[in-house]
1. Being assigned to a helix (DSSP H, G or I) and away from ligand 1 (no atom under 16 Å from the Cβ) narrows it down to one of ILE377, ILE412, ILE386, so name that one.
2. Could you say whether any residue in the stretch 464-487 is open to solvent by 30 Å² or more (accessible area, probe 1.4 Å), more than 23 Å from HIS97 (Cα to Cα) and more than 16 Å from ligand 1 (Cβ to nearest atom)?
3. Taking GLU178 and the conditions (1) open to solvent by 70 Å² or more (accessible area, probe 1.4 Å); (2) among the acidic types (Asp, Glu); (3) more than 16 Å from ligand 1 (Cβ to nearest atom), which numbered condition does it fall short on, given that it satisfies the others?
4. Within the stretch 786-826, take every residue that is in contact with a helix residue (DSSP H, G or I) (Cβ under 7 Å, 6 or more places away or on another chain) and within 15 Å of ARG767 (Cβ to Cβ) and give me the one that is surrounded by the most Cβ atoms within 10 Å (Cβ to Cβ).
5. From the list ALA327, ALA351, pick out the single residue that is within 45 Å of the chain's Cα centre (by Cα) and open to solvent by less than 20 Å² (accessible area, probe 1.4 Å).
6. Kindly indicate whether any position in the stretch 550-561 is in contact with an Asp or Glu (Cβ under 6 Å, 6 or more places away or on another chain) and assigned to a helix (DSSP H, G or I).
7. Let me confirm something: among PHE579, PHE587, PHE575, which residue is open to solvent by 40 Å² or more (accessible area, probe 1.4 Å) and in contact with a strand residue (DSSP E or B) (Cβ under 7 Å, 6 or more places away or on another chain)?
8. How many of the residues making up the stretch 182-224 are within 16 Å of ligand 1 (Cβ to nearest atom), open to solvent by 50 Å² or more (accessible area, probe 1.4 Å) and either basic (Lys, Arg) or not in a strand (DSSP E or B) (or both)?
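The values are calculated or read from the model by the stated rules, or taken from the named source; none is laboratory data. All values derive from a computational prediction rather than experimental measurement. Glycine gets a Cβ as well: all are built from the backbone with ideal geometry, and neighbour counts include every protein chain shown. In case anyone asks, the SASA skips ligands and DNA or RNA and just uses the protein heavy atoms, side chains included. Shrake-Rupley method; radii C 1.70, N 1.55, O 1.52, S 1.80 Å.
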Amino acid sequence: MSTQYDHKAVEAKWQDRWERHRAAEVDLRNSHGKYYMLMMFPYPSGDRLHVGHGRNYILGDSLYRYLRMNGKRALNPMGWDAFGLPAENAAIQRGVHPRDWTVNNIKVMKEQFRRWGILFDWSKEIASCYPEYYRWNQWLFLRMLDQGLAYKKKAPVNWCPSCRTVLANEQVVDGACERCGTAVVQRDLEQWFFRITGYADRLLAGLDELPGWPEKVKVMQRNWIGRSAGAEIDFEVPALGEKVTVFTTRPDTVHGATFLVLAPEHPAVARLIAGHPERAEIEAWVETVRSTPRIEREGETTPKEGRDTGAVARNPATGEEIPLWIANYVLPEYGSGAIMAVPAHDTRDLAFARQEGLPVRLVYHPHGADGADGAEIDPAALAEPILHEGSIRNAPPFDGLAAGPETIGRFIAWLEGEGWGRGKVTYRLRDWLISRQRYWGTPIPVVYCDACGIVPVPESQLPVELPYDVEFTGREGNPLSRSKEFVETSCPKCGAAARRETDTMDTFVDSSWYYLRFLSPRDATKMFDTETADRWMPVDQYIGGIEHAILHLLYARFICKVLHDFGMVGIEEPFQNLFNQGMITRFSEKSGRIEKMSKSKGNTVSPDQLIEEMGADTERVYTLFIGPPDKEAEWSDEAVSGANRFLHRVWRLLDKLAEAPPTAPADGELERERHSTIQRVTSSMERFSFNTAVAALMELSNALFKALEEKTASRRICEETFDTLLQLLHPMAPHVTEELWERRGYTESLLEATWPEHDEKKLHRARIQLVVQVDGKLRDRVEVDADADEKEVRAVVLASPKVQEHLAGKELAKAVLVPGRLMNLVTRR
Ligand SMILES: [Zn+2]
Ligand SMILES: [Zn+2]
């Protein structure tokens, strides 16, 4: 009786059965052998997932099934990062409410996961847009407010003067409003922040405790935090009657500071230009720079612009008066918004000095090729700044010192001794701006009262729920501020009429602690249960895209440390191991290039059609086989069929088993193949090397197929090999293997079957000794594989030096093999 491989029927059957049996459900009270794996929860964007998205989930599910078969209590939950801008845009463009749109998208995505055969523990499903979830964002906010970790201050935002609304960075396209094309300006608004800068050093130190993270991600985080040690130096400005303080990482170049530059935002600017003859022009220019979006101002190619204030500052090191400028390339966030310009030793300063004809003075002179001091360099001829080399000249008492940390330290001590400055550490990291002037997010739980000021909403009144009934026009600010029912409230302190905060939280707040909520998903009394968290945290394996290397992971690490400090969780680092999958590329007709698969490039492949035609198992096997999973890989439609043929071949093996003989000569060979495959696949899985695991399984299926065709292995060994093949292949192709396993007569799911172990002894072919005769006389003994065929034995025998000696000058007529005993070489006489 032979049957066809009907992928549709097989996949529907097993998806249904896993669901009915709640195959992935974990009782969190028991954490013995726990393994918490987590794939970053997706944003339900409304676009159907394509095969490029599938890679993440497929490799995660394969890992999950592998862990289960290895006896781990594996937890693999899933939820939805459900707040965010696209939902609000959909409301504006299509008139559908963000909540309805999101809920529907979740349904669609969930069905896609199901059709891929991904096993999630849906009993722990969460969605950040529901009050049961976001009330804990609010609770966390209040706690942080109480501890001084949340605060409010003015900060610049992107503002469209025509739509009269705040824009997110991604809504600013080439400096213009994405919707109406009007030039975007910067505006200062009162906004809420989380004080992540207070954790900068701990966030840096924590990275050293994460050997299971890709080095690349750790470097990106370190750069983002951007710790720089240096000094503050005070420069006397006679026109102000006070000092201007600058921050520099190179206090050792202070003798070369030939001018001072302020950011246009610096508080001293207005007073400095008050009496300037071109005051009106400078003021207008300052205004233009201030309203330029920050991303543009930071751009490498943005032209440097500046204005001379006419005032001077005194360089404390040289006593000289140096000009005081304002320029667009100095940002108010850097140090104190003022820098000392050292054109000889800084790239941007040199470019600006050359552009404006400002003086250049060298502190360091490079060494000559022989290591000795080179000739004096003419500052006017300096084309490139001298950055970190040479030794000091003309700056007593430091002459002769070489560039480096030690010299910097001596300068700091000197500045401190003279009372001109002090050592200081700064960070590139800024506090986390969490305010969004949007509807579809967590309402920030504070109230404004004329009498009491900012009043936190009492915990007993949480959640502050988003009203459903609001109007989406895309204009005139935040839709929430137009909801009278929401805005108008009473002061929790004095009872007088008050206004609610209409800012909502950045969605990165939602994702900063969701891994803890999976452990207490239905707890209505607290954010999460500490005891459960301490048993299950940290996440053993976190899986997601490299695009989250900085912000999401940094915020999640930060909030985990905050919760640790609140005494709510023991660990400080939430993710023990991190894996970033590579992206899938494909040729794009639109651009004529091979590019990352994306809707906008028109080069996506829909899994729906592929699953219809060849099945989810085929997509899974191909996706895992496509290449090393952390590397970029190009999708090939032809190669998908290869994976499909492989599964059909595995299917046909079942029927062929019946044809195997009861005994056969080469059982040992197939046994060896089976054990070496177990070893290869296991070590591949441990290394996330799914592609080599699939390759090994293809080889095993070929070996079994050949043994059955040639009847060289016994039925018992063929069946054992086939069962092993199904077990090892289950993580990659779960449906077809479950079906075949059942047809083999097993009643338990493969998920419950134990992962096979290899037997070291069976990896090696059995060896036997053979007697070698030349013309009937014993001449040597050789060792060969027990199942070696005549050709192989002959090769070994002829390679023996003793045999060669006895054959010298003779011609070999024939070689007679007595299997397991001897080989006789007969020469021509
Ligand atoms: Zn606009
Ligand atoms: Zn009040």
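1. Working: ILE377 fails: assigned to a helix (DSSP H, G or I); ILE386 fails: assigned to a helix (DSSP H, G or I).
When all the criteria are applied, what remains is ILE412.
2. The answer is no, given that none of the residues of the stretch 464-487 is open to solvent by 30 Å² or more (accessible area, probe 1.4 Å), more than 23 Å from HIS97 (Cα to Cα) and more than 16 Å from ligand 1 (Cβ to nearest atom).
3. GLU178 satisfies every listed condition except (3).
4. Among residues in the stretch 786-826 that are in contact with a helix residue (DSSP H, G or I) (Cβ under 7 Å, 6 or more places away or on another chain) and within 15 Å of ARG767 (Cβ to Cβ), the one surrounded by the most Cβ atoms within 10 Å (Cβ to Cβ) is VAL797.
5. After applying the criteria, what remains is ALA327.
6. Kept after step one, since they are in contact with an Asp or Glu (Cβ under 6 Å, 6 or more places away or on another chain), are these residues of the stretch 550-561: 561.
With the extra rule that they be assigned to a helix (DSSP H, G or I), the set shrinks to 561.
Checked against the condition, which is being in contact with an Asp or Glu (Cβ under 6 Å, 6 or more places away or on another chain) and assigned to a helix (DSSP H, G or I), the stretch 550-561 yields at least one hit.
7. The match here is PHE587.
8. 1
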